[in-house]
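Read the structure below first, then the notes.
The values are calculated or read from the model by the stated rules, or taken from the named source; none is laboratory data. Keep in mind that what you see is a predicted model, and the values were worked out from it rather than measured. Quick reminder, even Gly has a Cβ in these numbers, built from the backbone with ideal geometry, and neighbours come from all protein chains shown. Only protein heavy atoms, including side chains, enter the accessible area calculation; ligands, DNA and RNA are left aside. Shrake-Rupley method; radii C 1.70, N 1.55, O 1.52, S 1.80 Å.
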Amino acid sequence: MKNAAFVLRTLLLSAALLPAAQAQTVSSPTTLTVFMGSQQRPEIFQPIFDRFSKQNPNIRVKIEQGGATSEAQNQYLTTVLAARDPSLDIFLIDVVRPATFAAAGWAEPLDSYIPSKDQYLKAFLPGTIASATVNGKLYALPAFTDAQFLYYRKDLLAKYGAKVPTTWDELTATAAKITKAEGATGNSNLQGFNFQGAPIEGTVCNFLEMLWSAGGDAGNVDSAQGQQGLNFLVNSVKSKLSPASSAEIKTDDSRQQFQAGKVLFGLNWSYAWAHFQGKSPDPTLVKGNVGVAKLPAFGKNSSSTCVGGWQWGVSSYSKNKAAAVKLLQYMVSSDVQRDLAVNGAYLPVRRALYNDAAVVAANPHFKTLFPVVSNARSRPVTPAYPRVSEIIRTNVSAAVSGNKTVDAALKDMQQGLAPLLK
């Protein structure tokens, strides 16, 4: 009887402890690992992730920080995902990557995780959703959109009675006039025009913007329009309006040089604005003296800018997919998008925020340049895009450095792109 009583007490105690044990198992926290590059400013995203964790105590979020360029980040992700490594749950990828990631099977389709998906997505800019959709399936959610703009020194234009250029020829003439005049006052280090010429994704965009604004297209780069566009970049260096080191300049180099007061006109993305206004780890010498305009064009052609931005994807090999999608939906919510716009000058992916008082107060140019953002043009959409990008950026950089003639660079580009852009 004693043994029977002991067994009974043991069973009762086990039954009493079981719910507690189950609760402990259910409440054990999930840790989501998010991969992003240093240029995407993890210091802005971490407080937002922390707020998410406070609202969702069972989900922790940590950042794994990667390279400073789109290419370096993509190379790392390619290595990790090709190995089917489950260590990453979420990745922040360049807007040109979803088609490649979908074709490789690296990005989890999100359709089944989002109830009433079509209705949910109506609040977003159509272009941001189009770039995240491959063969009718949604493979990412847009983190922020982007476009390239012409940043200029308002104070220097006012000093010399100059207008904001609407053509590339006007930009050249204005830059030559002001840099010469500033040189006579002792400011001999002022760059007339700064662009990205290193073999990076930003250089692809700079070239396409020149090509498009000459009336050309990526399917025919070895053309009069290609000549006009690439010659403009090469001649800017030859004439010393752009630095001799232009073939080595990356996107954030351009931002830092403009922020240091060394640039009159510069091509850059929306993120640069917050840096110029003092929301930056680097000191700024241009706060209050920066203007933003749409890019110039050649002659009577239309201005064209390159659509940019980054996308949140969920790894196909993640063990925490539902939690990951929950974080993604939080990151594209109105409150978070407003926060990113106000504190980081990131262009929102939700249309309504371009009329939001807080967003417009922090970024006055957002409302006026909304048509520019809405009409930004896409780089070629193809699973072979990494190769397309490599062909363009390496040839453009070689021409800018003087290691290739413009003719040779365009011919090599055309030969490489033709089978990829059929």
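Computed values, structure above
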read-out	value
Radius of gyration and maximum dimension Dmax of the range 226-289, Cα, Å	13.1, 39
For peptides 318-325, 160-167, sequence by mean Cβ density within 10 Å, most packed first	318-325, 160-167
Relative contact order of the chain, defined on C-alpha pairs under 8 angstrom at six or more residues apart (%)	23
Order by protection proxy (mean Cβ within 10 Å, highest first), peptides 173-186, 94-107	94-107, 173-186
Degrees separating the helix 406-417 axis from the principal Cα axis of the chain, which is the longest one	30
Solvent-accessible heavy-atom area per residue, rounded to whole Å², over the chain at 1.4 Å	43
Cα convex hull of the range 330-394 - mean projected area over all directions, nm²	6.0
Förster-model FRET efficiency, 25 Å R0, ASP118 and ARG51, C-beta, rounded to 0.05	0.30
Amide H contacts under 5 Å for VAL290, placed H, 5+ residues apart	LYS154
0 to 90° range, to nearest 10: angle between helix 224-238 axis and the chain longest Cα axis	80
Nearest-20 debye value, the chain charge dipole, Cβ charges on Lys, Arg, Asp, Glu	700
For the range 360-372, Karplus couplings with θ = phi - 60° (6.51, -1.76, 1.60), whole Hz, Gly/Pro x	5, 5, 7, 9, x, 6, 4, 5, 6, 9, 4, x, 5
Check: the range 208-304 dipole with +1 on Lys, Arg Cβ and -1 on Asp, Glu Cβ, in debye	360
Segments 353-366, 189-202 sorted - mean Cβ within 10 Å per residue, highest first	189-202, 353-366
Nonlocal amide H pairs with ILE200, under 5 Å, H built at 1.01 Å	none
Accessible area of the chain belonging to carbon and sulfur atoms, whole % at 1.4 Å probe	54
Violating pairs (Cα-Cα greater than 23 angstrom) within the set LYS54/LYS137; LYS163/LYS294; LYS62/LYS250; LYS262/LYS294	LYS54/LYS137; LYS62/LYS250
